[in-house]
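See structure below.
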Amino acid sequence: MDPIKPEALVEMRNLTFGYGERVVLDDISITVPRGKVTALMGASGGGKTTLLRLIGGQNRAQSGAVLFDGQDIGRLDQTSLYAARRRMGMLFQFGALFADLNVFENVAFPLREHTDLSDALIRDIVLMKLNAVGLRGARDLMPSDLSGGMARRIALARAIALDPELVMYDEPFSGLDPISLGTAAQLIRQLNDSMGLTSIFVSHELEQTFAISDHVIILANGKVASQGTPAQVRVSTDPLVFQYVNGLSDGPVRFHYPGSSVAQDFGAAAPRAAVASEAVTP
Amino acid sequence: MSWYRPADVGHAVRGQLADIGYGARFFLRLMSLSGASLRRFGLVRDQIHFLGNYSLAIIAVSGLFVGFVFGLQGYYTLQRFGSSEALGLLVTLSLVRELGPVVTALLFAGRAGTSLTAEIGLMKAGEQISVMEMMAVDPVARILAPRFWAGVIVMPLLASVFSAMGIIGGWVVGVLMIGVDAGAFWSQIQGGVDVWRDVGNGTIKSLVFGFTVTFIALLQGFEAQPTPEGVSKATTRTVVIASLSVLGLDFILTAMMFSI
C-alpha cells in the first residue's frame, strides 16, 4: 500500500443531510479507518443506511464533505463517481439479487459489465468468490430458491467480485437465525482480513457486532453519540449509549411516543368519562 | 382540490410541467445511452425474444378473429353493391393501413407494456436498480435501452403477423364459407394494394406506436413508487396512457398520410 495514503479510507467532515424538512444527519464528523471493520449502530431511522448511501454517492450531502480516499464523493461528476464506485462493494439489506439471473450469473454480472475477461477466467473468479462465502455448490440455483441468509451471502460474493477496497453492509444480520448470523459475522471479519478490505456494517445486534469490529460508531438523533473501540463504547457514560448498549426500553429514548399525559387521557377530566356517563343514563 | 382557486390550478399545472420535463429528460438520456446497448446486441435480442415471442399467440389469435368478423361484415356491405369480389381488397386495406398497427399496439400495451412496467417497478422495489447503480452500471443503459429498442423492432413485426392472420381469417370466411371466388379475392388484393402507400404507411404507423408504447411503459416503470400499490398504479397508467396515445397518434398520422 502507498505509504502516503490517509489513514482513514472514508472520512465525513461536518456533514449535514436531510430529507425535505427532516434533518437526518446533523453536522457529523466520523472516520472509517483503513483495513479495519467498522460497525455503525444506533436506533432505527437514525440515518445509518443514509450514511452508507452518502458514501456510495446515491445521496448528496447538503453541507460538509464525504471523503473517499481523499476525494469528495459529493462533488464528483458521473464518470468519476462511477470510477469511485468500482472501488466499493455494497451489500443491500435483502441482497437485491437480480431475479432473472441464476446465482452464477449474478456474481458474474459486475465482471461481464466491467471487464473483457474470457468466459473461462470469469468462471474461475465466480467460483472462487462463491467458495469464499461457502456457496460454490449453489451456482445453478435461482434467487427465488435461496433462503434469506444464502441470498445475502451470494450478494456478498457479487459485491466482492471486482476486488473492491471498501465493502459496505446494510444490516447484514437482520432476520437471520443464530447460525446464519454467526456465519455472516465471521465472513465479514475473515473477508476483511484475507482480502485486505475496509468494511463498514450497519447492525442492531450487540454481541457479534462487538466481537468482530475494530471500531464502533453509535449514531443518535442525527449526531455521533459515541465513537471508538468496542471496549471504549461499552463503558461510555453517555446515557444514550448506555441505554443502547444495555438494551433498556426507557431512557433518553422514550418508551412512550410523545402525546398527551397519562392524567389527561385517563384522569377525571378525560373525555371518555363524559361519553360513558351519557351512555349509561337513558 | 378546488379548480377555481388559482393557487391549486397553478400547483397542478406546475406538477404537470415537471412531469413532462422529467419525461423529456428521461427520453434524451435513453437516446444518448442507446448506442452502447445497440452495440451489445445480445441484450436487445433477448428482449426481442421475450417481448415478441410471448405476444405472438395473442396477436395471431386476435388477428385471425378480426379477419373472420371482417369477412362477414365486409361481405354484408359489399354484396349490397354487388361487388363482393372486392372482399379481399377491403379486408387487406383495412388491416394493413389501420387495424393491424392500431389493434396490435393496443394489445402490445396490454400484454408487453404492462409486463415491462411491472418488471422495472419490481426491480426498483427489490433495490435491483440501486444495486446496479452502486456497481457503477447505468440502469438506463443496461436495463431500459435494450427493452426500448426491442419494443420498437418488435412492433412492426407483430403488426404484420396480425395483418397476415387477418387476411387468412377473411379468406376462410369469405372464400371457404360464403363462397366468394378465390381468384377474385386474391387478384383484387394483388392489384389494389400499393407497397409504399399502404404497406409502407402501415409500417411507419406501427414503428411510431412501438416507440410510444414502449417508452411510456418504461417511463412508468422507472417512475413507479417502489411499493406494491405504486407498481399496480404504474401498470394501470401504462395501459391507459399508451392506449390513448396510440389512438390520438393514429388520427394525426392518418391525417398526415392522407394529405401526402
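Laboratory data are not the source of any read-out in this text; all were calculated from the coordinates shown. Bear in mind the structure is a predicted one, so any value in this text is a computation, not a measurement. Heads up, the Cβs are rebuilt from the backbone with ideal geometry, glycines too, and the neighbour counts pull from every protein chain shown.
Tabulated results
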| item | result |
| --- | --- |
| Within straight-line cross-link reach of A:K48, lysines at Cα separation under 22 Å, skipping those fewer than 8 residues along the same chain | A:K36, A:K223, B:K124 |
| Beta bridges per DSSP with both ends in the protein assembly as shown, % antiparallel, nearest 5 | 55 |
| Global form of segment B:119-158, assessed from the alpha-carbon gyration tensor, a/c cut-off 1.5 | oblate |
| Most positive-pole-ward Cα, B:F222, B:S32, A:T198, against dipole of the protein assembly as shown from beta carbon charges | B:S32 |
| Karplus-derived HN-Hα couplings along segment B:165-173 (A = 6.51, B = -1.76, C = 1.60, θ = phi - 60°), whole Hz, x at Gly and Pro | 5, x, 5, 4, x, x, 5, 4, 6 |
| Geometric extent, Cα atoms of segment A:45-164 - Rg, Dmax (angstrom) | 15.8, 47 |
| Net charge of neighbours whose Cβ lies under 14 Å from the Cβ of B:Q188, counting Lys and Arg as +1 and Asp and Glu as -1 | -4 |
| Förster radius 51 Å - calculated FRET efficiency between A:N221 and A:L141, Cβ distance, rounded to 0.05 | 0.75 |
| Residue-by-residue Karplus 3J(HN,Hα) for segment A:202-215, coefficients 6.51, -1.76, 1.60, Hz, glycine and proline x | 8, 8, 10, 9, 8, 4, 5, 4, 5, 5, 9, 9, 9, 9 |
| Neighbour-count order for A:H215, B:H11, fewest beta carbons within 10 angstrom listed first | B:H11, A:H215 |
| Taking chain B and dividing mean pair separation by its residue count, relative contact order in percent (alpha carbons under 8 Å, at least six apart) | 31 |
| Helix-only [θ]222 nm of chain B, DSSP H runs n ≥ 4, -39500 (n - 2.57) each, per residue, nearest 500 | -25000 deg cm²/dmol |
| In order through segment A:89-105: 3J(HN,Hα) via Karplus (6.51 cos²θ - 1.76 cosθ + 1.60), integer Hz, x for Gly, Pro | x, 10, 9, 7, 3, 10, x, 6, 6, 6, 5, 8, 10, 6, 4, 4, 5 |
| Theoretical FRET efficiency, 1/(1+(r/R0)^6), r = Cβ-Cβ of A:D26 and B:L207, R0 51 Å, to 0.05 | 0.40 |
| Spacing of the two label points (7 Å from each Cα toward its C-beta) at A:T16 and A:A83, in nm | 3.1 |
| Length gained when the stretch B:R80-B:H49 is fully extended (0.36 nm per residue, less Cα-Cα span) | 6.6 nm |
| FRET efficiency for A:E207 and A:S44, using Cβ-Cβ distance with R0 set to 22 Å, rounded to 0.05 | 0.75 |
| Highest-fluctuation residue, B:M123, B:M132, B:M155 considered, GNM on chain B with Cα pairs under 10 Å | B:M132 |
| Cβ-based exposure ranking for A:D250, B:D8, in which fewest neighbours within 10 Å come first | A:D250, B:D8 |
| Segment B:162-214 shape via C-alpha gyration tensor axes, a/c threshold 1.5 | oblate |
| Ranking of A:R112, A:R22 by count of other Cβ atoms within 10 Å, fewest first | A:R22, A:R112 |
| Cα-Cα separations in the protein assembly as shown greater than 29 Å, expressed as whole percent | 65 |
